Amino acid sequence: MPLPALDTSAAFLALRQHRDIAATWTLRDLFAENPNRFKEFSVTAGGLFLDYSKNRLNRQTVALLCALARERGVEARRAAMFAGAKINNTENRAVLHTALRAPRGAVLEIDGQDINRDVHAVLDRIKAFSDRVRSGEWRGHTGEAITDIVNIGIGGSDLGPEMVCRALRSFAHPRLSLHFVANVDGHDLDAVLSSLNPATTLFIIASKTFTTAETMQNAGSARNWFLQSAAIEALPQHFVAVSTNTKAVTAFGIDAANMFPFWDWVGGRYSIWSAIGLSVALAIGAERFGEFLAGAHAMDEHFRSAPLEQNMPALLGLIGVWHRNFFATTSISIAPYHQDLSQFADYLQQLEMESNGKRVTRNGAPLHYESCPAVWGNVGTNGQHAYFQLLHQGTDVIPVDFIAALKATHRLPGHQAALLANCFAQSEAFMRGKTSDEVREDLQAQQLPPAEIEALLPHKTFPGNRPSNTILMDSLSPGNLGALIALYEHKTFVQGVIWDVNSFDQWGVELGKVLAKNIHVELTGDAHQQEHDSSTNGLIAMAKAAL
Ligand code: F6P
C-alpha cells in the first residue's frame, strides 16, 4: 500500500508545529539549561560514539522524530531489507549488503539459494588469493613477486576500495603499493602506468556489470600496455576481475578462475563488503578484512535491534531529516579529523546522493518535499582554512558531521592533541558563536578606538546556533571503519524510507551515458553530426577540430 505523502502525515505535521517552537531556541541556552545534555543526547554502538547534543532538539523533538520514523514504517522496512525482500522495486532486487558481513553460518536464503554459504565461499577465495599475493607466492610472468596493484573501476567499484585502502593505510603490506584508476580521462591511467613495471603489476578489473564504458576503456588500455612487454599467455598472472558478469569477463580475456564474483543483490555503492573489497584484502590481509566486515556487522546488529530512540543510524538519519525538511538546509558537510579519511566525504557523496537524490516516490509520484541534501567536505584541519568561513558566518546554515579517532596510529608527538583540540573547538564555535557584546569586550581590552570597534563588530560577530554531530572512535581500526561506513549506510536507508524513495536504483545516471555514446561516435567516426542545440553543436565542432 502506498504511503501517504510525507508532508501530509500526522507525525510530520506535529513536527512542523514543534519546529516553530524549536526555531526560537538557541543551542547556547539549551546547554545552559541542561547540564546533562551531552549525556542525554549521545549514544554508543559498534565501537562508535555519537554526540548529537549540538543540534537544536530536545527530548520531545527526538520523540516526534521517532514517531515519524514509525509512522513511515522504518522498522518494517528495516526487517524487510535484512530478510532479503525485494525492496529495490524498480529493479526487482533484494538489497543484502548486510549479508556480506554476516558471520559464517548465518541463515539466509534468497530464491532457495544459501546466501551465507556463497558469501563465505568467495571470502575463502579472497583469503587464499590475497595470502598468495602478500606472501610473494603468487608471481608475475618473469617470476618476480607482485609489487603494485591497480584497481580499475568507477563509482562503487572505485570509491569504496580507494577510500578504505587510504583509511587503513597504516595496516598495509609494505611491499604492495595500491593504485586506483577510475576516470576515462587518459591522464589518470597514464600517470599510474608511467611509474609501473608490468612484470610486477597486478590489475584488478572491478565492475559489477563489466559494461561500464570508463572501466572497459581503461581495462583495454591497461591490457594493451601490458601486452607490449608480455605474451598473451602471461595475462592470467596479471589480470583478475571482480564482477557479476562471467560472460563479459571471459570475453575480455580473463579466466573465470581469476574472477571473484558477487551478486545482483549488492548495489554498486554498497559493494565494498563484497569481492569489490579485494584490493583492501590484498592491502591489509584477509584477517583484517574480516575485522572490517565484523565491525559493519556489529553496526547491523545494533541497527536491527536497538529501539529507535537509542539507535545510532536512525538518530543520525532523523536529525538529517529534521535539518533538511524542517529547517530547509540544502547540504551537509563531512569533516573527518583524520587525514586517512581524506576520501570519506567523496565516498558518502555517492552513498547518499546516488541513493536518495530522487524526485519521485517508490511508486513514481512526484515529491512535494525535499529529499537528499548535497553532501561534501574535506579533512579537518584543512577545511578550516578554506571553506569553514562560510560555515561560521555565511548566509546558509550547513550542518556538519565531525568524525575523529581519539588515538592516532602514527607516533609523532603533539599532533593528536592539536588535531582533537581543533575538532572540538570548531563544534563549540558553531554552537556558541560569539555575540557582539563578547566581541566588543575583546576589542575594548585591545584598546581599539570606539569608532573602529563599532565598524568591526558586525564582521567579528558569529551567529552560532549552527548544528553539528560528533562521531568518535578509539582509533581508526578496520572494525571501527566498518562500523562507521555501515552507520552511514543505515542512516541513508532510514532517510530513504522517510522520504519514500527507492534508495537502491540510480536511473539518473543513464541519460548522460546514452548521450555520451552518441557524441563519442560523432567525435571519433565519420557519423554525420546529429541535430543538437547550438551550444552542444558548437562544442562538438570545436572538439572535432582539435582531435
Ligand atoms: O553509473 C553509475 C554506476 O552504475 C554506479 O551505481 C556504480 O557504482 C558505477 O556506475 C560502476 O558500475 P560497475 O561496477 O557496474 O562498473
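Please find, within segment 151-171, the residue that is farthest from the chain's Cα centre (by Cα) out of those that are open to solvent by less than 40 Å² (accessible area, probe 1.4 Å) and away from the ligand (no atom under 12 Å from the Cβ). Restricting to residues being open to solvent by less than 40 Å² (accessible area, probe 1.4 Å) and away from the ligand (no atom under 12 Å from the Cβ), the top hit is Leu168. Going by what's in this entry, would Phe303 be described as touching a residue at least 24 places away in the same chain (Cβ under 8 Å), in a helix (DSSP H, G or I) and not acidic (Asp, Glu)? Answer is yes for this residue.
Look at Leu196 and say whether it is more than 13 Å from the ligand (Cβ to nearest atom), aliphatic (A, V, I, L, M), touching a residue at least 40 places away in the same chain (Cβ under 8 Å) and not in a strand (DSSP E or B).
Judged against the criteria, Leu196 is a match.
Considering segment 89-141, and only residues there that are among the basic types (Lys, Arg) and surrounded by 12 or more Cβ atoms within 10 Å (Cβ to Cβ), the residue that is nearest to Ala257 (Cα to Cα) turns out to be Arg125. Among residues of segment 334-350 that are on the phi > 0 side of the Ramachandran plot, none has a beta-carbon under 9 Å from a residue that is open to solvent by less than 10 Å² (accessible area, probe 1.4 Å) and β-branched (Val, Ile, Thr) at least six positions away or on a different chain.
Total residues in segment 30-55 satisfying the condition of being open to solvent by less than 50 Å² (accessible area, probe 1.4 Å), in contact (Cβ under 8 Å) with a residue 40 or more places away in the chain and either over 21 Å from Ile485 (Cβ atoms) or among the basic types (Lys, Arg) (or both): the figure is 2.
Filtered by the rule that a residue be part of a helix (DSSP H, G or I) and open to solvent by 20 Å² or more (accessible area, probe 1.4 Å), segment 56-68 gives Arg59, Gln60, Ala63, Leu64, Ala67. The single residue among Glu71, Glu144, Glu75 that is surrounded by 14 or more Cβ atoms within 10 Å (Cβ to Cβ) and touching a helix residue (DSSP H, G or I) at 6+ places or on another chain (Cβ under 6 Å) turns out to be Glu71. Inside segment 248-260, residues that are open to solvent by 40 Å² or more (accessible area, probe 1.4 Å) and either of a type in the set (A, V, I, L, M) or within 14 Å of the ligand (Cβ to nearest atom) (or both) make up a count of 3. Mind listing just one residue for me: the one in segment 264-298 that is part of a loop (DSSP other than H, G, I, E, B) and within 16 Å of the ligand (Cβ to nearest atom) and, of those, most open to solvent (accessible area, probe 1.4 Å)? Result: Asp264.
Among residues belonging to segment 338-381 that are among the aliphatic types (A, V, I, L, M) and within 16 Å of the ligand (Cβ to nearest atom), point out the one that is surrounded by the fewest Cβ atoms within 10 Å (Cβ to Cβ). Steps first, please.
Taking segment 338-381 first, the residues among the aliphatic types (A, V, I, L, M) are 341, 345, 348, 351, 353, 360, 365, 367, 374-375, 379.
From what's left, within 16 Å of the ligand (Cβ to nearest atom): 348, 351, 353, 375.
Working: Leu348: 25, Leu351: 24, Met353: 20, Val375: 24.
Applying the filter and picking the extreme gives Met353.
Residues in segment 320-337: is at least one touching a helix residue (DSSP H, G or I) at 6+ places or on another chain (Cβ under 9 Å), modelled with pLDDT of 95 or more and within 16 Å of the ligand (Cβ to nearest atom)?
There is no residue in segment 320-337 that is touching a helix residue (DSSP H, G or I) at 6+ places or on another chain (Cβ under 9 Å), modelled with pLDDT of 95 or more and within 16 Å of the ligand (Cβ to nearest atom).
State yes or no: is Leu202 without any contact (Cβ under 8 Å) to a residue 12 or more places away in the chain, over 18 Å from Gly155 (Cβ atoms), of a type outside the set (Ser, Thr, Tyr) and away from the ligand (no atom under 15 Å from the Cβ)? Answer is no for this residue. Only a single criterion out of (1) aromatic (Phe, Trp, Tyr); (2) more than 13 Å from the ligand (Cβ to nearest atom); (3) open to solvent by 10 Å² or more (accessible area, probe 1.4 Å) is not satisfied by Phe504, namely (2).
Filtering segment 223-247 to residues that are surrounded by 18 or more Cβ atoms within 10 Å (Cβ to Cβ) and of a type in the set (Gly, Ala, Ser) leaves Ala241, Ser243.
Put simply, of Val494, Val501 the only residue that is in a loop (DSSP other than H, G, I, E, B), assigned by TED's automatic domain parsing to the domain that holds Met81 and in contact (Cβ under 8 Å) with a residue 24 or more places away in the chain is Val501. Please identify the pairs in which a residue from segment 131-160 that is without any contact (Cβ under 8 Å) to a residue 12 or more places away in the chain and in the same structural domain as Ile272 (by TED's automatic domain parsing) has its Cβ atom under 7 Å from the Cβ atom of a residue that is more than 16 Å from the ligand (Cβ to nearest atom) and of a type outside the set (Gly, Ala, Ser), counting only partners at least 6 apart or on another chain. Correct list of pairs: Arg132/Trp138.
The values are calculated or read from the model by the stated rules, or taken from the named source; none is laboratory data. Predicted, not measured: the structure shown is a model, and the values here were computed from it. Virtual Cβ from ideal backbone geometry, glycine too; neighbours counted across all protein chains shown. We work out accessible area using only protein heavy atoms, side chains counted, and drop any ligands, DNA or RNA first. Shrake-Rupley method; radii C 1.70, N 1.55, O 1.52, S 1.80 Å.
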